[in-house]
Every structure is written in C-alpha cells, then in structure tokens.
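Okay, structure first, notes after.
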Amino acid sequence: MKPWKNPILLVSGIGISYLGNWIYLIALNLSILQLTGSAAAVAGLFIIRPIAVLITNTWSGSVIDRVNKRKLMIGIDIARGILVCLIPLIGNLWLIYSVLLLINMVGAFFGPSSSVYITKLVPAENRRRFNSIMAMTSSGAFLVGPAIAGVLIMYFSTELCILINGVTFFICAFFIFLLPNVDEDKKSIRDPIRLAILVKDWKSVKEFAMKAKFFILVYLLFQTAMLIGFALDSQEVTFIKRHLELSDQDYGLIVSITGVGSIIGSLISAMVAKKVSLKLYLGAGMLLTSIGYVFFYSSYNFLTATLAFVFLGFFMAFANSGYATFFQNSVPVEIMGRFGSIADMFQGFIQIGFTLILGFFAEWFSLQFVCLVLSVIGAIVALVLFVTVMIPSKAGYFVEDKKAISS
C-alpha cells in the first residue's frame, strides 16, 4: 500500500475538487437564472471556458514546463478558491462573467500541470490503474455532486454551494502541499516567456509530432471519435425531451443511472488493469463507447435510452483510462505541458465546430437522423482506431514498463 500513499492522496484532493465543481455548476446555473431570468445568460456560461482556453493555451504550456508543477498546482487552487468565493458577493452579470473568465484562465493551467505531475509521481506500471481510480472519482463526483447541490439549494442557498466549491479548492491545495516535490532535481529556468520562446516551444512540439507519427495517428483518431461524442452530448437533453418525450425527472434518472454505470466501469477497469492489455482499453473501449452513442440515438423509450447510456458510460471509463495512460507513456515529460496545452486549444476549436455543424443540420433534418449519422461516423472512426492499435508490429507502443517507442 505504501507505493500508493501519494497517488491516493492526489486522487483524494482532486476528487474533493471534482465534487465541489459539480455542486458549484448546478448552483451557478440557478444563480445566474435567478439574477437575470434569461436562458441566454445561462448559456453564456458555457462559452466562457473555450474563450479562456483560446486566451491561455498558446503560452500556458511554456510556463508549465518551466516551473515547479506542485507549487503551480497549489497556487492555481488557492487562486481559484479565492475567486470562486467572490462570486456570491457580486450582483452584476458581466462582472460575474469576468470573474468566471479569470477562474477558467487560471484553471487552464491545472489539467496539463496535473498530467505532468502524475506522470512523474506514478510509476509507468501503475498509471493505468491510477487513471481508472481517477475516472471513478470523477464519475462519483458527477453522480453525487448534483444530488448534494439539490439538497443544499433546497434547505440553504445557491451562495452556500458556491462557497463550498471555493473551500474544496483550498482543501485540494492542502492535499497537494502534502505530496512530494517531483521537480526537486530540475534547475528552474526563469527566463521571461517572450515570443521567441513561444515559437521555439511550438517548434519542439512540432518536431515531436513529426517523429512520433504512430502516437499522433492514434491521438487524432481517438480525439476525433471522442469529440464527436462530446458534440452529440450537446443534443442529449433535446433528444430525450422532444423525441422520446420524457420528463425532467426521467432525464435526471437516466443521468444518475449512467453515473452508476460509469463508476462500475471505472472500478472494473482498475481491477483488471494488470490483466487486460492497454491497446484493448484504448481501442475496444473507444469503439464500444461510440457504439453506445449509436444505440442511444437509436433508442425509442426510457428503457432503451437508459441501457444505451449505461453501456456508453461503462466503456468510456476504459477508453479514458487507456488514452490517459497511452498519453502519459508516449509524450516526453519535458514537453508534456506544452503539447497538452496546444492540443487542448485545437480540441476546443474542433469541438465547437462539431457542435455548430450538428446544430445546423438538426435545423434541416430530424434531430434523431442527424445525431444517428454523426454517431455512426464516430463509430467508424473508432473502428479504424481499434484496427490501428491492434496491428501486431505496433505492440511496443503499449508496453507499460517503459516509455513508448517513438517513430
């Protein structure tokens, strides 16, 4: 158990933060609706994060790869905690938007930083199990957070929920403070981040991409299938309410049961991490997840929609764990922050594009038809991914006791 002491401490800290985020998300939506009475104002919340990513991710990776990751993560959580606690004190919508933009800009550093830190903290042979446990923590927060938010809002207020999220960031910062400093042997480079530095960093990412052709191929196939799924997620509420003609309560129940399926999938993926190959997690997990979207948009009642979503959530746990492990084993830790930040930026562009295309065609054709066509395309991409990762000559890329071989 001793080798798992620090990883479990990290999972606990981030897990508490995940839980606070879900409580906060529900409360923030209701708070904005109460403040403005406008559905458009609530919808505006969902474009703040992509804007923050576009502002920060061209240069955030250069910062991440040059500073102490543990200290950076602690600073990020303290800053987010303070900014979140300010929201209940603000009564102006645009000022709230501005604070949320700052929160998301600061938060854009956390994901790539934590990915680098995890890669250094967790031995390669334990990463897949760790990523499965992390996914289970995220799924648990997704399931429990909204329920806790509902109770707190019913008996207290949305302001309390928002403050709780601020506190969870402070708790997460404390947990990370207790963890070891994985950058102790690294000489700190304090050169200011100028344009020349950024250009040099982008070139280093490009050089890696040109050399690691198999990794990039797998990365593009996986992300294409996953981003198609994210675009389809934007229409799930409309499909459930308008096509299946189900109630809000039915939708809430479907989401809850899906969360249970995702938790079970994450638990099983952690249990069998030493027995099932990484390429099956990545390839078969993504293929079955994509088939789950086909099943969902082929559903015709509550039962078929629920079964499809449970199926989808179960196998997505395997796909996410497999991808995270493959990414950590394949990208050199020295440029992981830069690569992750730039990749997140391009993913944001593509996700917005897929979502807009889906919404556009849904106005011309039936929603089910458009979503079904897109989900089939996603399944075809995932099938190509599965065939690609199963090529016998590429088995060396999925060995977990050493870094993947670069092309």
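The values are calculated or read from the model by the stated rules, or taken from the named source; none is laboratory data. Just so it is clear, the structure is predicted and the values come from calculations on it, not from any experiment. Here Cβ is always computed from backbone atoms with ideal geometry, including for glycine, and neighbour counts include all displayed protein chains.
Structure summary
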quantity	calculated
Qualifying residue in the range 207-230 (condition: at pLDDT below 80, surrounded by 19 or more Cβ atoms within 10 Å (Cβ to Cβ) and either outside any helix (DSSP H, G or I) or under 18 Å from the mean Cα position of the chain (by Cα) (or both))	no
Test result for Val381, surrounded by fewer than 16 Cβ atoms within 10 Å (Cβ to Cβ) and either among the aliphatic types (A, V, I, L, M) or outside any loop (DSSP other than H, G, I, E, B) (or both)	no
Which numbered condition Ile32 fails, given (1) outside any helix (DSSP H, G or I); (2) among the β-branched types (Val, Ile, Thr); (3) modelled with pLDDT of 80 or more	(1)
Tally of residues being within 20 Å of the chain's Cα centre (by Cα) and surrounded by fewer than 24 Cβ atoms within 10 Å (Cβ to Cβ) across the range 293-311	2
Residue match in the range 378-390 (condition: modelled with pLDDT of 85 or more, touching a Phe, Trp or Tyr at 6+ places or on another chain (Cβ under 6 Å) and farther than 30 Å from Thr58 by Cα)	no
Output for the range 129-147, where each listed residue is surrounded by 17 or more Cβ atoms within 10 Å (Cβ to Cβ) and either in contact with a Phe, Trp or Tyr (Cβ under 7 Å, 6 or more places away or on another chain) or farther than 30 Å from Phe327 by Cβ (or both)	Thr137, Ser138, Ala141, Phe142, Gly145, Pro146
Of all residues in the range 37-62 being at pLDDT 80 or above and farther than 30 Å from Leu121 by Cα, the one that is surrounded by the fewest Cβ atoms within 10 Å (Cβ to Cβ)	Ile51
Count of the range 113-132 residues which are assigned to a helix (DSSP H, G or I) and farther than 19 Å from Ala317 by Cβ	8
Residue list for the range 246-281, filter: aromatic (Phe, Trp, Tyr) and touching a residue at least 60 places away in the same chain (Cβ under 8 Å)	Tyr281
Subset of the range 244-277 [over 24 Å from the mean Cα position of the chain (by Cα) and not basic (Lys, Arg)]	Leu244, Glu245, Leu246, Ser247, Asp248, Gln249, Asp250
Criterion (in contact with a Phe, Trp or Tyr (Cβ under 7 Å, 6 or more places away or on another chain) and either on the phi > 0 side of the Ramachandran plot or not hydroxyl-bearing (Ser, Thr, Tyr) (or both)) met by exactly one of Leu253, Leu278	Leu278
Output for the range 98-108, where each listed residue is at pLDDT 90 or above, surrounded by fewer than 20 Cβ atoms within 10 Å (Cβ to Cβ) and closer than 20 Å to Leu30 by Cα	Ser98, Val99, Leu101
Where Thr355 falls short, out of the listed (1) of a type outside the set (A, V, I, L, M, F, W, C); (2) farther than 27 Å from Ala52 by Cβ; (3) crowded, with 17+ Cβ neighbours inside 10 Å; (4) modelled with pLDDT under 75	(2)
Selection within the range 148-159 - in contact (Cβ under 8 Å) with a residue 24 or more places away in the chain and surrounded by fewer than 22 Cβ atoms within 10 Å (Cβ to Cβ)	Ile148, Gly150, Leu152, Ile153, Glu159
Residue check, Gly20 touching a residue at least 12 places away in the same chain (Cβ under 8 Å) and in a helix (DSSP H, G or I)	yes
